[in-house]
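The values are calculated or read from the model by the stated rules, or taken from the named source; none is laboratory data. Quick caveat: nothing in here was measured; it's all calculated off a predicted structure. Note: ideal-geometry Cβ built from the backbone for every residue, glycine included; neighbour counts use all protein chains shown.
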Amino acid sequence: MDKLQFVLGGATWINLINTKYISNKQVVDILLDPLITFQWLEENNLLRESDVLALENEELLDQLIEELHSLRHLCKMILSELKPQGKPSQDTVDQLKRFVQQIKVGLTIVSKHENLKLVSEGITARDHVIYNIVYSIIDTLDSISTDRIRECEHQDCILYFVDTSKSGKRRWCSMERCGNRQKAAEFYTRKKNKK
């Protein structure tokens, strides 16, 4: 499993949507494998040291994965509503509010490079993960133009990404994964048509 794929989306909630992808013409769901899900959580910086220890409890990890499935579905709904409406529907916002109402958050102080910073974090591992994903949704919708949230243009890809390129013309989830494949396919098609 290529860990780069865990963060291709550019925002944590998009990366959650991308936990379902196509490989060898088969749909793969990262959330069906607890070990890979755990790796995904780590790569997306969603776990503190205490969370890593807490999630050694298989029951807690399974409960979190179940919630990630629900939240992924909600994130997908948000995406599907952005294109035609430019924003999530009120029903979807209400569902998101229900997630938020279940999160217990506290404040802590962290020191970074001799500076102190006040940060919010979830009380439990579950709270922390869900809080950070919901925060990613709100932050992205607040700071990024919705037309910059796109689906990869490769016909065999279902991944999404936030286009942060200067030109705003990014077409693929990544050049390595889909861009080069698409360009090679177009080259061979042109070459074949010239014969």
For region 17-42, name all the residues that are closer than 22 Å to ARG171 by Cβ, among the hydrophobic types (A, V, I, L, M, F, W, C) and surrounded by 17 or more Cβ atoms within 10 Å (Cβ to Cβ). ILE17
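Residue-by-condition table, conditions (1) of a type outside the set (Ser, Thr, Tyr); (2) modelled with pLDDT of 95 or more; (3) surrounded by fewer than 17 Cβ atoms within 10 Å (Cβ to Cβ); (4) out of contact with any Gly (no Cβ under 9 Å at 6 or more places or on another chain):
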| residue | (1), (2), (3), (4) |
| --- | --- |
| LEU47 | yes, yes, no, yes |
| HIS73 | yes, yes, yes, yes |
| ILE78 | yes, yes, no, yes |
| LYS87 | yes, no, yes, yes |
| THR92 | no, yes, no, yes |
| LYS104 | yes, yes, yes, no |
| VAL110 | yes, no, yes, yes |
Of everything in region 45-75 that's in contact with a Leu (Cβ under 8 Å, 6 or more places away or on another chain) and free of Cβ contacts under 8 Å to residues at least 60 places away in the same chain, which residue is nearest to VAL7 (Cα to Cα)? ARG72
Among the residues that make up region 114-126, is at least one of them in contact with a helix residue (DSSP H, G or I) (Cβ under 9 Å, 6 or more places away or on another chain) and part of a helix (DSSP H, G or I)? yes
Filter region 134-171 for residues that are in contact with an Asp or Glu (Cβ under 8 Å, 6 or more places away or on another chain) and among the β-branched types (Val, Ile, Thr) and give the result. ILE149, ILE158
Can you tell me which residue in region 112-131 is surrounded by the fewest Cβ atoms within 10 Å (Cβ to Cβ), limited to those that are β-branched (Val, Ile, Thr) and at pLDDT 95 or above? ILE123
